[in-house]
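Visitor: My questions all concern the structure below.
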Amino acid sequence: MKKLPKEIQKLPKELQKDFTHLVEDSKVVVEESNQVLRLAAAEAAAEAEARLEQARSDAEVQFKKAIKKASPSPRQQFILIRWAQKVAGALVGVATAAFLMFYQWVVEPAPPHSLRVKAFAALTQGVLRGAMLTFFASASDFTRRLTSVEANAKFSRLDAGPEEDWEAVPADFRRVVLSIKQNYNVRYVYCWHGLPAYWGGVMPDTPTLAGVTGSTLVYPKPTSSIAEVEPSLLWSPAVLAGVGIADNPYGLYSAMHAYLASSAVDGVKVDCQAGVGLVGSVLGGGPAAARQFQAALEDSIALHFPGNHAINCMCHSSENFYRFSRTA
């Protein structure tokens, strides 16, 4: 043990012992001091973090208050929405009007097979295809396809309206037809359908038509002669959206006509027959398509509507006329 300094030796024995203990255990003292410092630093950091979190919370509350204060009232929101709708509608209207003017002044009067017609046809198969399909879907029924041979709940009763819950109400088409005949003294009730069933044909992979017919979606290509007579067929709904062609035309017609006959319907008016030449472009030709579909149609009509209760389409190509054998 080292000799104590003279100044320490002058102190009482007890103090000398304490000094000796401090000197000998300096490492312990330093460690204890460091531990105290670490605890103090941790407490300071925790306090700083708590203050920071409180500041964040206060800032968030103030931000929400500012947003709420700046947000428009329900009435203001309604006015803004209405104006936005009007502006959007005006822009769509202007764009539509500009497109129609361009079509009527530039495309429609252009000679068949001209550069203008070819360019517009190419655009409708490319950048304009989506817009054309949207227009057809919203402005016409030409892209719609058959999903069932039976009526839906819109025919649940004679006065059924668009507000009906069609999924919850069962259809009663026979009741509707009989009501028409009895209430209005109507002798014959005919129903409309297209040669391909509906304007856009039959919807492929439809469960309600399982066992009746399948269908294949085809995209007709107008022949040069058809395009010369009616260039607009190059961008028609059938060309752009395709047509669902029944794999079993007789099965389809027979199922439709059997259902209609059981519902007190007396006959059918068949439309879309002029398109057989167009659709025939991918079915082996118009004459072959006319032979197949017209024969199936007339066989079904003879079975379900005896007495030739059928009205053919008002517009035909020569392929149709040469295939009429029992209807007119």
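The values are calculated or read from the model by the stated rules, or taken from the named source; none is laboratory data. Computed from a predicted model, the values in this text were never measured in an experiment. Every residue, glycine as well, gets a Cβ built from its backbone with ideal geometry; the counts of neighbours run over all protein chains shown. Surface areas here come from the heavy atoms of the whole protein model, side chains and all, with no ligands, DNA or RNA. Shrake-Rupley method; radii C 1.70, N 1.55, O 1.52, S 1.80 Å.
Visitor: Lys118: accessible area at probe 1.4 Å, nearest 10 Å²?
Guide: Probe radius 1.4 Å; accessible area of Lys118 about 120 Å².
Visitor: Just the number, please: carbon plus sulfur as a percent of the accessible area of the stretch 215-296, 1.4 Å probe, no ligands or DNA/RNA counted.
Guide: Answer for the stretch 215-296 is 60 percent, counting heavy atoms of protein chains only.
Visitor: Moving to a separate point now. What fraction of the Cα pairs in the stretch 176-251, stated in percent, has a spacing above 19 angstrom?
Guide: 55
Visitor: Using alpha carbons only, how many degrees (0 to 90, rounded to 10) separate the axis of helix 26-70 from the longest principal axis of the chain?
Guide: Roughly 40 degrees, rounded to the nearest 10.
Visitor: Another question, if that's okay. Would you check the accessible area of Met203, probe 1.4 Å, heavy atoms only, in square angstrom rounded to 10?
Guide: Ignoring ligands and nucleic acids, Met203 comes out at about 70 Å².
Visitor: Students often check this: by mean Cβ neighbours within 10 Å, which of 288-301, 308-321 ranks highest, and how do the rest follow?
Guide: Averaged packing, sorted descending, gives the order 288-301, 308-321.
Visitor: Ignoring ligands and nucleic acids, what accessible area does Tyr103 show with a 1.4 Å probe (Å², nearest 10)?
Guide: Rounded to the nearest 10, that gives 40 Å².
Visitor: With everything on Cα atoms, drop me the angle between helix 249-262 and the longest principal axis of the chain, reported from 0 to 90° to the nearest 10.
Guide: Here the helix axis deviates by roughly 80 degrees.
Visitor: Full extension from Arg129 to Gln62: what is 0.36 nm times the residue separation minus their Cα-Cα distance, to one decimal in nm?
Guide: Stretched fully, the Arg129-Gln62 segment lengthens by 19.1 nm.
Visitor: Related question: Using alpha carbons only, how many degrees (0 to 90, rounded to 10) separate the axis of helix 13-24 from the longest principal axis of the chain?
Guide: The angle comes out near 40 degrees.
Visitor: Which order do you get for Val94, Val243 if you rank them by accessible area with a 1.4 Å probe, largest at the top?
Guide: Largest accessible area first, the list is Val94, Val243.
Visitor: Grab the DSSP H runs of the chain that are 4 residues or longer, score each as -39,500 (n - 2.57), total them, divide by all residues and round the 222 nm result to the nearest 500 deg cm²/dmol.
Guide: Using -39500 (n - 2.57) per qualifying helix, the result is -17000 deg cm²/dmol.
Visitor: Moving on. Post the alpha-carbon centroid distance, the stretch 55-134 to the stretch 169-233, in whole angstrom.
Guide: 34
Visitor: Right, another one. According to a simple spin-label model (label point 7 Å from Cα along Cα-to-Cβ), what is the distance in nm between Tyr219 and Gln182?
Guide: Each label point lies 7 Å from its Cα, and together they span 5.2 nm.
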